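Written out below as structure tokens is the structure these notes cover.
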Amino acid sequence: MSGLSPESAASRLARSKAAYPLTARYDPAWIRANALGENALCQVEILSRRLPFRSGMRVLDLACGNATSSIFLAREFGVEVWAVDGKVSPNDNRARAVEFGCERSVFPLRVEAHALPFAAGFFDAIIAIDSYLYFGTDDRYLGYLARFVKAGGYIGVVDNRLYA
């Protein structure tokens, strides 16, 4: 035994709220119930420290899962988000968006990541939260993806222990 006392639950919670103040506004039970992996809200909050999300921006949330990251971006930054996933029901994602009052700013679609139906340069930013490893391993994929971002736009990838 190291002699260190275990951190109390209260101090872990306080540290978490300090590290992720935007995520702390959301019900932890809702986050857990809608998680498909790591905490997407914490990951997108980390990404928001690097990318300048601004009201009115168009963002593609690629392989968004249950669209929690899409809802977070719409609520916290006023962006419009195309919440695309090849497997999760867009009806379910729309219901979550409606629950949070984001039905006019979160647009769920069932789309496969290699067949994106968007115009070139349509998005100000494209993000992939805890998902890029499922579709982006081909050396040519990033070039394919980049055509959907405006000149001067952003592509942000956050995966477990990978921040780019």
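The values are calculated or read from the model by the stated rules, or taken from the named source; none is laboratory data. If you're wondering where the values come from, they're calculated on a predicted model, not measured in any experiment. Quick reminder, even Gly has a Cβ in these numbers, built from the backbone with ideal geometry, and neighbours come from all protein chains shown. Ligands, DNA and RNA are excluded from the accessible area calculation, which covers all protein heavy atoms including side chains. Shrake-Rupley method; radii C 1.70, N 1.55, O 1.52, S 1.80 Å.
Taking the criterion of being within 20 Å of Val79 (Cβ to Cβ) and either modelled with pLDDT of 95 or more or open to solvent by 30 Å² or more (accessible area, probe 1.4 Å) (or both), the residues of the stretch 1-23 that qualify are Tyr20, Pro21, Leu22.
Name every residue in the stretch 116-140 that is part of a loop (DSSP other than H, G, I, E, B), open to solvent by less than 60 Å² (accessible area, probe 1.4 Å) and either polar (S, T, N, Q) or in contact with a Ser or Thr (Cβ under 6 Å, 6 or more places away or on another chain) (or both), in order of residue number. Within the stretch 116-140, just Ser131 meets the criteria.
Go through the residues of the stretch 68-84 one by one and say whether even a single one is assigned to a loop (DSSP other than H, G, I, E, B), surrounded by 15 or more Cβ atoms within 10 Å (Cβ to Cβ) and at pLDDT 95 or above.
Yes, the stretch 68-84 contains a residue that is assigned to a loop (DSSP other than H, G, I, E, B), surrounded by 15 or more Cβ atoms within 10 Å (Cβ to Cβ) and at pLDDT 95 or above.
Restricting attention to the stretch 93-115, report how many residues are surrounded by 14 or more Cβ atoms within 10 Å (Cβ to Cβ), assigned to a helix (DSSP H, G or I) and not aliphatic (A, V, I, L, M). Going through the stretch 93-115 one residue at a time, the tally reaches 3.
Which residue, of Ile155, Ile129, Ile71, is among the β-branched types (Val, Ile, Thr) and either in contact with a Cys (Cβ under 6 Å, 6 or more places away or on another chain) or free of Cβ contacts under 8 Å to residues at least 24 places away in the same chain (or both)?
Numbers: Ile155 fails: either in contact with a Cys (Cβ under 6 Å, 6 or more places away or on another chain) or free of Cβ contacts under 8 Å to residues at least 24 places away in the same chain (or both); Ile129 fails: either in contact with a Cys (Cβ under 6 Å, 6 or more places away or on another chain) or free of Cβ contacts under 8 Å to residues at least 24 places away in the same chain (or both).
Matching residue, one of Ile155, Ile129, Ile71: Ile71.
The set of residues in the stretch 37-51 being free of Cβ contacts under 8 Å to residues at least 40 places away in the same chain and either assigned to a strand (DSSP E or B) or not small (Gly, Ala, Ser) (or both) consists of Asn39, Leu41, Cys42, Glu45, Arg49.
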